[in-house]
Amino acid sequence: MVFLAERILQVTPIGWILIPVGIAFFFFAPARLYSWMIFFLPFSATAVVNIGSGDGASGVQATIFFGALWMAREFPRFFSAKDSSIRQSLQVPASQLRWFLLVAVLSLIMPIWINGRVYIDDAEFANGLSNAEPLVFRMRNITQTGYLVYGVLLAILVAFRNSEMREFIRSIRIFLISAIFVSMWGFLQFFCSLLNLTYPAYIFNSSATGSALGYLEELEDVGIGRVSSVATEPSIFAACMLIALVFALFAVIRKEPLISKAWDRFALAIILGALVVSTSTIAYLGLAVVSLVYLRSLAYLRILRRKHIITLLVLTGLLGLAIALISPVRDIVTSLILGKGESYSGIGRAYSIALAAQYFLQYPILGLGWGSVTSHDLIFKLLSNTGILGFSVFSLFLISLLRRLWRGSEIAAVGNPECRLWSTCLLAACLIMVFTNLTTGFDFVFEHLWFLLGLAMSVPLLGSALSLKHPPLDLHGKEAMAT
């Protein structure tokens with residue numbers, strides 16, 4: 001029995017450190033669980049425990065480990081505040097998320113009812129050979145639903161926790177510090193590949209999940225290893241760092257430093273550099289979208305200056321010169337962007353979306369059940385797995401959330417410029433998150449998405465009388481005069 005347990009559960013090297021730390025925090029310093037949960041959000045390839053072996057292996061992410069312990073300590077406080085105005089303010093977005101979760105759970109009756117009458121094709125086909133399997137209720141449906149339950153609960157508790165400005169800023173600060181470390185680790189991986197050195201994957205890339213081996217990927221045409229850092233793959237690394245980039249961009253225009261003035265600028269530079277060396281298509285496309293959204297945000301905040309536009313034009317010009325004059329850079333751009341549609345990865349992603357669309361048309365109400373269909377986009381991922389019901393509820397949640405952020409920024413403009421800045425920042429970050437999920441897939445198994453949604457849900461509360469225990473700050477970090 002002991003031998004069997006060791007085969008099923010295997011503690012990773014970093015798990016031997018983090019598990020005792022988490023248990024100690026749970027009993028003696030529960031407040032630190034939240035900080036460590038945030039810090040490990042980008043570490044999607046870091047597992048404290050691996051379950052199973054071979055193709056069926058999966059890892060328990062470090063952020064989920066600390067997050068589960070934190071939620072166990074946070075739930076009593078959350079339920080005891082059921083009559084508070086904070087809970088009432090969160091009632092609408094929290095209810096929308098719970099309805100989506102309910103539809104996803106209800107959709108699990110579909111694989112049971114279908115029971116093999118539909119065959120699910122493997123979108124990651126090879127040599128044109130079909131690898132279709134009959135649709136039945138599997139363990140995957142349960143585990144995927146478990147990720148969704150955890151994510152929804154995390155978003156609600158993060159929103160509840162960050163209803164006060166000081167805690168909200170602290171949460172973003174911890175995430176940005178984590179992004180600095182993750183970006184530096186990404187550069188380490190990049191230079192290891194460049195210099196033919198052994199990358200120490202055993203430290204943070206400890207998950208046995210097959211999809212977590214992105215650090216092994218290479219650009220065969222160029223001969224350069226792709227950078228996933230501590231994430232499962234380069235695209236997930238890029239999606240997370242694009243959100244961190246938005247936070248860094250808004251931190252540097254806030255005269256009151258988020259970490260410190262020097263560290264805020266360093267965060268912006270190192271995250272931007274890590275995205276460039278990631279060799280991820282979504283990183284490069286995302287940088288263009290972030291630039292446009294950021295300039296529009298500066299214009300909305302009425303702090304857009306000529307230097308911002310000139311800086312963007314200079315960076316664009318330098319990138320264009322690099323592509324034109326440096327052969328390796330030109331090869332990377334050709335391989336990742338211009339040749340993406342003809343690559344194995346690009347064709348596989350497009351094929352997965354086409355298959356998902358067919359499954360949705362066959363079963364449009366509840367889809368084929370949560371966790372049944374893989375689709376590398378957001379829309380048909382939802383439609384094929386939860387049908388029009390799940391897609392409608394989640395779309396309502398997203399649209400309502402974006403409207404709350406927009407409304408919050410307009411209301412805060414009257415008497416709370418600090419809240420206006422962060423409302424605009426979270427609106428920009430959510431738009432980037434929607435963009436990456438539309439183009440690469442619904443990242444519901446990665447907790448940075450739910451953390452961002454939780455922060456976005458909390459932003460409209462920051463301007464309320466409850467959260468004004470401290471004088472609001474203007475955009476230059478000075479306390480606003482009381483009237």
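Derivation of every value follows stated rules applied to the coordinates shown; laboratory data play no part. Predicted, not measured: the structure shown is a model, and the values here were computed from it. Quick reminder, even Gly has a Cβ in these numbers, built from the backbone with ideal geometry, and neighbours come from all protein chains shown.
When ranked by the protection proxy of mean other Cβ atoms within 10 Å per residue, highest first, what sequence do the peptides 438-445, 296-303 form?
On the way: 438-445: 19.6, 296-303: 15.0.
Those peptides, ordered most packed to least, come out 438-445, 296-303.
Tabulate in residue order the Karplus-calculated ³J(HN,Hα) for region 240-246, using 6.51 cos²θ - 1.76 cosθ + 1.60 with θ = phi - 60°, rounded to whole Hz; enter x for Gly and Pro.
Working through the residues one at a time gives 5, 6, 5, 5, 4, 4, 4 Hz.
With unit charges on the beta carbon (Lys/Arg positive, Asp/Glu negative), name the residue among Leu219, Phe266, Ala238 whose Cα is farthest towards the positive pole of the charge dipole of region 157-278.
Phe266
For Leu9 and Ile109, FRET efficiency with R0 = 22 Å and r from the beta-carbon atoms, rounded to 0.05? Spell out each step's value before the answer.
Details: r = 31 Å, r/R0 = 1.41.
Result of the calculation: an efficiency of 0.10.
Please find the FRET efficiency linking Arg306 to Ser400, where r is the Cβ-Cβ separation and R0 is fixed at 35 Å, and quote it to the nearest 0.05. Don't skip to the end; give the middle numbers.
On the way: r = 37 Å, r/R0 = 1.05.
Calculated value: 0.45.
From zero up to wherever the largest Cα-Cα distance of region 345-392 sits, split into 10 Å bins and tell me the percent of pairs in each.
36, 53, 11, 0
Taking the Cβ of Tyr147 as the center, what net charge do the other residues with Cβ under 11 Å away carry, scoring Lys and Arg +1 and Asp and Glu -1? Please list the in-between numbers first.
Numbers: positive: Arg140; negative: Asp443, Glu447.
Net charge around Tyr147: -1.
What is the spin-label model distance, in nm, from Leu219 to Glu256 if the labels are put 7 Å beyond Cα along the C-beta direction?
A separation of 4.2 nm, rounded to one decimal place.
What do you get for GluC sites (Glu not before Pro) in region 214-270 restricted to DSSP loop and a cutoff of at most 16 other Cβ within 10 Å of the site's Cβ? All intermediate terms of the calculation are to be shown ahead of the outcome.
Values: sites: Glu217, Glu218, Glu220; in loops: Glu217, Glu220.
Of the GluC sites (Glu not before Pro), the ones in loops of region 214-270 whose Cβ has at most 16 other Cβ atoms within 10 Å are Glu217, Glu220.
Over the C-alpha atoms of region 1-110, what are the Rg and the largest Cα-to-Cα span, Dmax, in Å?
Reported Rg and Dmax, both Å: 17.6, 52.
Sort out for me the Cα centre separation of region 257-315 from region 185-233, rounded to whole Å.
That distance is 25 Å.
Where does region 264-312 land on the Kirkwood hydrodynamic radius, alpha-carbon pairs, in angstrom? Spell out each step's value before the answer.
Values: mean 1/r = 0.0842 Å⁻¹.
One over the average 1/r among Cα pairs gives 11.9 Å for region 264-312.
Sort region 120-239 into rounded, prolate or oblate with this rule: let a ≥ b ≥ c be the square roots of the eigenvalues of the Cα gyration tensor; rounded if a/c is under 1.5, and if a/c is not under 1.5, prolate when a/b is larger than b/c, oblate otherwise. Could the numbers behind the result be given before it?
Working: a/c = 2.82, a/b = 1.11, b/c = 2.55.
Oblate shape, in that a/c is at least 1.5 and b/c is the bigger or equal ratio.
Can you work out ³J(HN,Hα) from phi for every residue in region 423-435, in order, using Karplus 6.51 cos²θ - 1.76 cosθ + 1.60 and θ = phi - 60°, giving whole Hz and x for Gly and Pro?
5, 5, 4, 5, 4, 5, 4, 5, 5, 5, 4, 4, 4
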